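Trainee: I'd like to ask you about the structure that follows.
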Amino acid sequence: MKEDEKLSPWKKKVHEIIYEADTPMGKMFDIILFVIIIFSVILIMLESVKAIDAEYHEILFVLEWIVTIFFTIEYIARVISIKKPSKYIFSFYGVIDFLSTIPLYISYIFAGSQVLLAVRAFRLLRVFRILKLARFLGEASQLKRALKASRAKITVFLFAVLICSVMMGTLMYLIEGDEAGFTSIPTSIYWTIVTLTTVGYGDIAPITPQGQAIATIIMLLGYGIIAVPTGMVTAEFARQNADTANLKNGGSFVHVNTQCCPTCSKEGHRDDATHCYNCGSILNE
């Protein structure tokens with residue numbers, strides 16, 4: 001399909017229904033899709049319960065095929081209603097949609113491929129479009145920018161934590177030894193990381209007073225590990241909010257919507273946009 005080729009009227013209508021969340025039919029389609037995704041996830045959960053699967057296997061199998069056929073039609077419709085199908089096919093949602101559609105088909109070729117059905121849970125991410133959370137895209141962008149701005153500090157902090165874990169793990173290996181389960185330095189480092197991030201799994205525990213004292217320090221340090229990166233992101237997020245407030249007060253703040261580019265399928269365009277910010281195509285032909 002040529003880049004400058006326009007979509008036929010029926011393809012434009014299909015595109016409007018399945019890609020746009022701001023239109024009545026588009027919202028209705030997304031709600032139906034969301035209900036079916038929830039239903040498919042419940043089916044997967046029920047199939048994982050051996051007692052339920054043994055008694056209702058045929059019913060669950062038929063329902064799974066109905067869901068699969070719906071997803072197949074939806075996937076084909078998404079591919080043919082966009083100017084550049086590869087933009088959707090190789091996008092995050094495109095890959096997820098494809099992986100959630102093919103398991104039953106390839107199960108006749110490769111045994112055990114039904115495990116890919118669990119990928120359908122990722123399709124729940126479409127709730128952000130279905131519930132029309134586009135008005136929060138600005139806040140989401142601020143959080144994204146805050147995380148990006150804080151990544152250098154967080155990377156340095158995590159590197160420091162890793163060094164601390166190696167040092168503490170090595171020390172615990174020397175103090176506790178095999179009798180307490182610290183059979184090697186990697187195992188001791190594993191215990192240190194687990195103790196820093198939680199309170200330990202109980203599979204390995206120090207038995208000497210010195211080891212218990214070090215374990216206490218490590219557990220107390222765990223609170224700092226939670227607080228420090230959180231504070232970094234929070235401070236950066238507050239700065240992003242202040243910048244946004246200044247834009248609003250200055251009158252130059254703009255909102256974004258769920259309008260989807262018919263060429264590259266990118267969302268999050270400004271309300272006053274006439275061209276796609278990603279590929280430059282006209283949004284409304």
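Trainee: Is it the case that Ala213 is in the same structural domain as Gly169 (by TED's automatic domain parsing), at pLDDT below 70 and assigned to a helix (DSSP H, G or I)?
Mentor: Values: in the same structural domain as Gly169 (by TED's automatic domain parsing): yes; at pLDDT below 70: no; assigned to a helix (DSSP H, G or I): yes.
Criteria not met by Ala213.
Trainee: A further question on this structure: Do you know which residues across region 44-63 are out of contact with any Lys or Arg (no Cβ under 9 Å at 6 or more places or on another chain) and either touching a residue at least 60 places away in the same chain (Cβ under 8 Å) or closer than 23 Å to Phe122 by Cβ (or both)?
Mentor: Passing the criteria: Met45, Leu46, Glu47, Ser48, Val49, Asp53, Leu60, Phe61, Leu63.
Trainee: So, one more: Filter region 196-210 down to residues that are surrounded by 12 or more Cβ atoms within 10 Å (Cβ to Cβ) and not in a loop (DSSP other than H, G, I, E, B) and give me whichever is modelled with the highest pLDDT.
Mentor: Gln210
Trainee: Is it true that some residue in region 275-284 is modelled with pLDDT of 75 or more, small (Gly, Ala, Ser) and either surrounded by 11 or more Cβ atoms within 10 Å (Cβ to Cβ) or closer than 23 Å to Thr155 by Cβ (or both)?
Mentor: The answer is yes, given that some residue of region 275-284 is modelled with pLDDT of 75 or more, small (Gly, Ala, Ser) and either surrounded by 11 or more Cβ atoms within 10 Å (Cβ to Cβ) or closer than 23 Å to Thr155 by Cβ (or both).
Trainee: Are any residues in region 216-254 basic (Lys, Arg) and either modelled with pLDDT of 70 or more or not in a helix (DSSP H, G or I) (or both), and if so, which ones?
Mentor: Within region 216-254, just Arg239 meets the criteria.
Trainee: Follow-up. Of the conditions (1) closer than 16 Å to Cys264 by Cα; (2) in contact with a helix residue (DSSP H, G or I) (Cβ under 7 Å, 6 or more places away or on another chain), Lys84 clears all except one; give me its number.
Mentor: (2)
Trainee: The conditions are (1) within 24 Å of the chain's Cα centre (by Cα); (2) surrounded by 14 or more Cβ atoms within 10 Å (Cβ to Cβ); (3) closer than 30 Å to Cys261 by Cβ, and Ile32 fails exactly one of them. Which is it?
Mentor: So the condition that Ile32 fails would be (2).
Trainee: Being of a type in the set (Val, Ile, Thr) and more than 26 Å from the chain's Cα centre (by Cα) is the filter; apply it to region 211-237 and report the residue that is surrounded by the most Cβ atoms within 10 Å (Cβ to Cβ).
Mentor: Ile218
Trainee: Next question, about the same structure. Given (1) closer than 30 Å to Ile36 by Cβ; (2) modelled with pLDDT under 80, identify the lone condition not met by Leu99.
Mentor: Of (1) closer than 30 Å to Ile36 by Cβ; (2) modelled with pLDDT under 80, only one is false for Leu99: (2).
Trainee: In addition: Restricted to region 40-64, and to residues that are surrounded by 13 or more Cβ atoms within 10 Å (Cβ to Cβ) and among the hydrophobic types (A, V, I, L, M, F, W, C), which residue is nearest to the chain's Cα centre (by Cα)?
Mentor: Val41
The values are calculated or read from the model by the stated rules, or taken from the named source; none is laboratory data. Keep in mind it's a predicted model, so treat the numbers as computed, not measured. As a convention, Cβ positions derive from the backbone with ideal geometry for all residues, glycine included, and neighbour counts pool all protein chains shown.
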